[in-house]
Structure formats: structure tokens, C-alpha cells
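Engineer: Structure incoming, see below.
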């Protein structure tokens, strides 16, 4: 129950100053998703960029539905950061109890650096989400292997 309050409050914090103008790297994302069709991003744009193409593909699909405003471009990062907070909570439940899981989620969701990057139209929160999910499943694999050995 408390976790949902933490999630809602962290969502509201991420909405503060969300509509400020785009900075250069965010503008590049906006330009790429406006001008290059999603199926051509890996072959047309990615060879000249060092970021993974999946983010641009997802953003291209997202903006085709929600538009190209500052808020629309930044909202996937907010969603990814909140989902990461949920995965951190699940890791806390796996390793401990509800109290530890709640504190782990609080420390993650209210970390100023995480809040900052969750308000940018960049791939950082998506990468954090995928990495955290990988950790979660890695812990489950280790537990299953230990149970098979015992």
C-alpha cells in the first residue's frame, strides 16, 4: 500500500519543469524521430550514432501517437524510471522483506540524479530499466541453480 503512495509522489515530482525547452541532445532525438521512419533508424541513423537504436525506434513509435512536444518526448523516460522503481521494489522483496523493498524503492525513486535523468528525452532511464530487469532475473536464475544443487 505504501509503495503506491511512493510511486504516485515520485511521479508528481517528475512532472515539475517537464515542459522546459529541449537541450541539444534531446533536440537530436526529436529531429531523428521526426525525419527518419522507425524501420530505417538502425540502417540510416545508428551507424553514425553511438547510442543503441532501440530507444530511437521506441521514441519514433511513441511520437507517432503522442506528438513531438517537450512533455511527449520526455514522458517515456518518466515511465521507464517508475518501472525501474517497481523492479527495484521487486528485488527488495526477493532479497528481504516489504520494509527493505520499500526503502530500496524510495532511495531509488527520490535519488536526485535519477529524478533529473527521468526528465530528459534520452535513453538513460530505459537503459537503467533494462539493466535492473537483468539483475532481477539474474538473481532468480542464481536462486534456481542453488535449489537444484541442494
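Engineer: Look at the stretch 26-40 and say how many of its residues are at pLDDT below 90 and under 23 Å from residue 83 (Cβ atoms).
Structural biologist: Residues that pass the stated criteria total 1.
Engineer: Looking at (1) part of a loop (DSSP other than H, G, I, E, B); (2) under 25 Å from residue 140 (Cα atoms), find the lone condition where residue 89 falls short.
Structural biologist: (1)
Engineer: Can you tell me which residue in the stretch 52-70 is surrounded by the most Cβ atoms within 10 Å (Cβ to Cβ), limited to those that are touching a residue at least 40 places away in the same chain (Cβ under 8 Å) and over 15 Å from the mean Cα position of the chain (by Cα)?
Structural biologist: Only one residue fits best here, namely 70.
Engineer: Kindly indicate the residue of the stretch 99-126 that is in a helix (DSSP H, G or I) and in contact (Cβ under 8 Å) with a residue 60 or more places away in the chain and also farthest from residue 13 (Cα to Cα) among those meeting that condition.
Structural biologist: Narrowing the stretch 99-126 to residues in a helix (DSSP H, G or I): 99-109, 112-117, 124-126.
Those still in the list that are in contact (Cβ under 8 Å) with a residue 60 or more places away in the chain too: 101-102, 105-106, 109, 115, 126.
On the way: 101: 20, 102: 18, 105: 15, 106: 13, 109: 10, 115: 8, 126: 19 Å.
So the residue we want is 101.
Engineer: Among (1) within 19 Å of the chain's Cα centre (by Cα); (2) modelled with pLDDT of 95 or more; (3) closer than 24 Å to residue 16 by Cα, there is one condition residue 103 misses while meeting the rest; what is its number?
Structural biologist: (1) is the only condition that residue 103 fails.
Engineer: Would it be correct to say that residue 30 is in a helix (DSSP H, G or I) and free of Cβ contacts under 8 Å to residues at least 40 places away in the same chain? Explain how you work it out, then say what you get.
Structural biologist: Working: in a helix (DSSP H, G or I): yes; free of Cβ contacts under 8 Å to residues at least 40 places away in the same chain: no.
Criteria not met by residue 30.
Engineer: Still on this structure, please answer the following. Which one is surrounded by the fewest Cβ atoms within 10 Å (Cβ to Cβ), of the residues in the stretch 17-34 that are under 13 Å from residue 71 (Cα atoms) and touching a helix residue (DSSP H, G or I) at 6+ places or on another chain (Cβ under 9 Å)?
Structural biologist: So, considering only residues that are under 13 Å from residue 71 (Cα atoms) and touching a helix residue (DSSP H, G or I) at 6+ places or on another chain (Cβ under 9 Å), the one surrounded by the fewest Cβ atoms within 10 Å (Cβ to Cβ) is 21.
The values are calculated or read from the model by the stated rules, or taken from the named source; none is laboratory data. No experiment lies behind these values; they were computed from the predicted model shown. All Cβ positions, even for glycine, are placed from backbone atoms using ideal geometry, and neighbour counts span all protein chains on display.
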